[in-house]
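Before any comments, here is the structure.
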Amino acid sequence: MLTVQTDKHKLRDAKTELHGGQLVPPFECPARVDRILERAKAVKLGEFREPDDFGLDPVRRIHDAKFLDFLSTCWDEWQAAGFKGEAIPTGWPARRMQTRCPEFIDGKLGYYSLAAETAISNGTWEAAKASANVALTAQAEIAKGASSAFALCRPPGHHATSDMYGGYCFINNAAVAAQAFLDQGASRVAILDVDFHHGNGTQDIFYGRDDVFFQSLHGEPQHAFPYFLGYADELGKEKGEGFTANYPLPPGTDFASWGDAMTAAIKRIHDYGPDAVVISLGVDTYKDDPISFFKLESDDYKTYGAMIADLKRPTLFVMEGGYAVEEIGINAVNVLMGFEDK
Ligand code: OKP
Ligand code: ZN
């Protein structure tokens, strides 16, 4: 399988994450991609290539222009305001307040974010654009006839909505790629989000649509980030009703029950009959992940890679989360090897 990747991910190198009341080194760090790439090369997964530059047009199909402008100027505006640390929001348009965008950068950060852990700093925007190009390049390979491709995206994307960043995400790479399939002639795309966290951004983007069937397996929102979306009764709205499905799972979930949810999700993709499948591939379901609570073992990733292959559809893997850096390479590449029956 082809892997698309670029060193530009290293430009996303924030020094801080607001975690447990402290500013700590971010869990979402450059070493994550280094480990995955190392492992993919060690097992000779296939060819490796750099992304092409698609510009912002395909990104604008998903994200609001003003949100993208904000991301592109945020760091400069933050520095110009004289702030000394990385850009972190402190206030939001909470219940019963107005949702007008303020002019001052501290207010804009709250307007355009869904959480406070994700600091913006020098290079964040460049890396986010490169990550989207990685997804689009892998998507284009499939459009040209490849049966699968691996977009080694970083930063991740599935928490980003049309106009909010957060949860380590800025541009929703999986959504941008799914839209590219549709814009190039596909009629139906299925997105299956196997990251530990609910793909709230992807769900929100396609909630009213029937041309993208979104499903997510994740830690129950009562106990896990993003906390405010991902319940089982969220099924889509208007013509999108029935084209969202959620499988919230409790703390301690192992592969026996995770696999049951996966079997159900796979069957529903089969029934939908998509022209392409996009997998939001997070391996933070791993038993030793530092911020998650599922109990998958390394071999389980191979097993579910094979389940995805059974669909026999063109399949784009888009990297999302996974924070057990030591094992992230084995776990992520196991999915791809299971898919390829290696
Ligand atoms: C991104 B992806 C630890 C909790 C942080 C944000 C988690 C973002 C996960 N401070 N909450 O879905 O892997
Ligand atoms: Zn995650």
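Split the accessible area of region 71-177 by element, probe 1.4 Å, and carbon with sulfur accounts for 50%.
Seen from residue 288, the other residues with C-beta closer than 11 Å to its C-beta sum to a net charge of -3, counting Lys and Arg as +1 and Asp and Glu as -1.
Between the residues 65, 137, 22, the greatest Cα displacement towards the positive end of the dipole of the chain, with unit charges on the Cβ of Lys, Arg, Asp and Glu, is found for 65.
Between residue 188 and residue 10, how high is the FRET efficiency from 1/(1 + (r/R0)^6) when r is the Cβ-Cβ distance and R₀ = 51 Å? Nearest 0.05. The calculated FRET efficiency here is 0.90. Using 0.36 nm per residue and subtracting the Cα-Cα separation, the extra length available between residue 22 and residue 122 on full extension is 33.9 nm. If both residues of a DSSP beta bridge must be in the chain, then about 15% of such bridges are antiparallel.
Please give me the summed charge of the neighbours of residue 180: other residues whose Cβ is under 11 Å from its Cβ, Lys and Arg +1, Asp and Glu -1. Counting the neighbours of residue 180, the net charge comes to -1. So which of 44/267; 41/302; 8/287; 129/237; 8/342; 84/129 end up more than 22 Å apart by C-alpha? Exceeds cut-off: 44/267; 8/287; 129/237; 8/342; 84/129.
Relative to the current alpha-carbon distance between residue 299 and residue 238, full extension at 0.36 nm per residue lengthens the span by 17.9 nm. When only alpha carbons are used to place a centre, region 75-139 and region 251-308 end up 30 Å from one another. According to the Cα-based calculation, Rg over Rh for region 54-103 is 1.04, with Rh computed by the Kirkwood formula.
Taking 7 Å steps out from each Cα toward its Cβ at residue 43 and residue 307 produces label points 1.7 nm apart. Considering every alpha-carbon pair of the chain, the percent of pairs per 20 Å bin, from zero through the bin containing the longest distance, is 34, 60, 6. Between residue 322 and 283, 284, the built amide H atoms are under 5 Å apart, and every one of these is 5 or more places off in sequence or on another chain.
How big is D, in µm² s⁻¹, for region 203-342 by Stokes-Einstein at 25 °C and 0.890 mPa s if Rh is the Kirkwood radius over C-alpha pairs? D, rounded to a whole number, is 159 µm²/s. The slack between residue 267 and residue 69, meaning 0.36 nm per residue of separation minus the straight C-alpha distance, is 67.3 nm.
Using the Kirkwood radius built from alpha carbon pairs, what does the Stokes-Einstein equation give as D for region 31-139 at 37 °C and 0.692 mPa s, in µm² per second? Calculated translational D: 201 µm²/s.
With both labels modelled 7 Å from their Cα along Cα-to-Cβ, the residue 56 to residue 210 distance reads 3.4 nm. Placing dummy labels 7 Å off each Cα toward the beta-carbon, the span from residue 288 to residue 81 is 4.0 nm. Calculate for the chain the 222 nm mean residue ellipticity that helices alone would give, adding -39,500 (n - 2.57) per DSSP H run of length 4 or more and normalising by residue count, nearest 500 deg cm²/dmol. Counting only the DSSP helices, I get -11000 deg cm²/dmol. Look at the dipole of region 255-302 built from charges on Cβ: of 296, 272, 285, the Cα furthest out on the positive end belongs to 272. With all protein chains kept in place, the per residue accessible area of the chain amounts to 41 square angstrom at a probe of 1.4 angstrom.
Note on region 152-195: along the principal axes its Cα atoms extend 31, 23, 16 Å, ordered by decreasing extent. Summing +1 for each Lys or Arg and -1 for each Asp or Glu, what net charge is found among the other residues whose Cβ lies under 14 Å from the Cβ of residue 58? Taking every Cβ under 14 Å from that of residue 58, the sum is -1. Taking a straight line from the alpha carbon of residue 144, these lysines sit under 21 Å away, with near neighbours fewer than eight places off in the same chain left out: 312.
With every protein chain in place and a 1.4 angstrom probe, the accessible-area ranking of 312, 295, 129, 267, largest first, reads 312, 267, 295, 129.
Our coupling estimate for region 61-77, obtained by passing each phi through the Karplus curve with A = 6.51, B = -1.76, C = 1.60 and θ = phi - 60°, is 5, 10, 9, 5, 4, 5, 5, 5, 4, 4, 4, 6, 10, 3, 5, 5, 5 Hz, Gly and Pro reported as x.
The values are calculated or read from the model by the stated rules, or taken from the named source; none is laboratory data. Keep in mind that this is a model prediction, so the values were computed, not measured. Don't worry about glycine lacking a Cβ; one is built from the backbone with ideal geometry, like all the others, and counts go over all protein chains shown. All accessible areas refer to the heavy atoms of the entire protein, side chains included, with ligands and DNA or RNA removed. Shrake-Rupley method; radii C 1.70, N 1.55, O 1.52, S 1.80 Å.
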